[in-house]
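Contents: one structure, followed by commentary.
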Amino acid sequence: MTGQTDTTPGSVTTVYKVSGMSCGHCEGAVSGEISAIPGVSSVKAVAATGEVTVVSAAALDEEAVRAAVDEAGFELVGKA
């Protein structure tokens, strides 16, 4: 086994760019909102890069992700 991130076979990993995150609280807010989208199994937000990595059962509707990021108070720039 390697030290790579485990992903479930058939899962989809998508990296999004989010503007406005500057701290751990920001990361938590964005992660919490995106985690509530049906089918999402994990979310990792990194304020330093503005990247949010989402693992889901299937490809997500970008508008659903945009709405979740907006609800957290940030702006979805698009896919990284």
Quiz item: Per-residue HN-Hα couplings for segment 46-52, Karplus 6.51 cos²θ - 1.76 cosθ + 1.60 at θ = phi - 60°, whole Hz, x for Gly and Pro?
Solution: 10, 4, 4, 9, x, 9, 10
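Could you work out [θ]222 nm for the chain from helices alone, using -39500 (n - 2.57) per DSSP H run of at least four and dividing by all its residues? Round to the nearest 500 deg cm²/dmol.
Values: 2 runs with 22 residues, N = 80.
Result for the chain: -8500 deg cm²/dmol, rounded to the nearest 500.
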Quiz item: How far, in degrees from 0 to 90, does helix 62-71 lean away from the longest principal axis of the Cα atoms of the chain, to the nearest 10?
Solution: 50 degrees
Quiz item: Which value in nm describes the separation of the simple spin-label points at ALA48 and LYS17, placed 7 Å from the Cα toward the beta carbon?
Solution: 1.9 nm
Quiz item: Residue by residue, what Karplus-based ³J(HN,Hα) values in Hz, rounded to whole numbers, does segment 9-25 have, using 6.51, -1.76 and 1.60 with θ = phi - 60° and x for Gly and Pro?
Solution: x, x, 7, 10, 10, 10, 10, 10, 9, 10, 9, x, 6, 9, 7, x, 5
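Laboratory data are not the source of any read-out in this text; all were calculated from the coordinates shown. Note that the structure is a prediction, hence the values are computed from the model and not measured. Note that each Cβ is placed from the backbone with ideal geometry, even for glycine, and that neighbours are counted across all protein chains shown.
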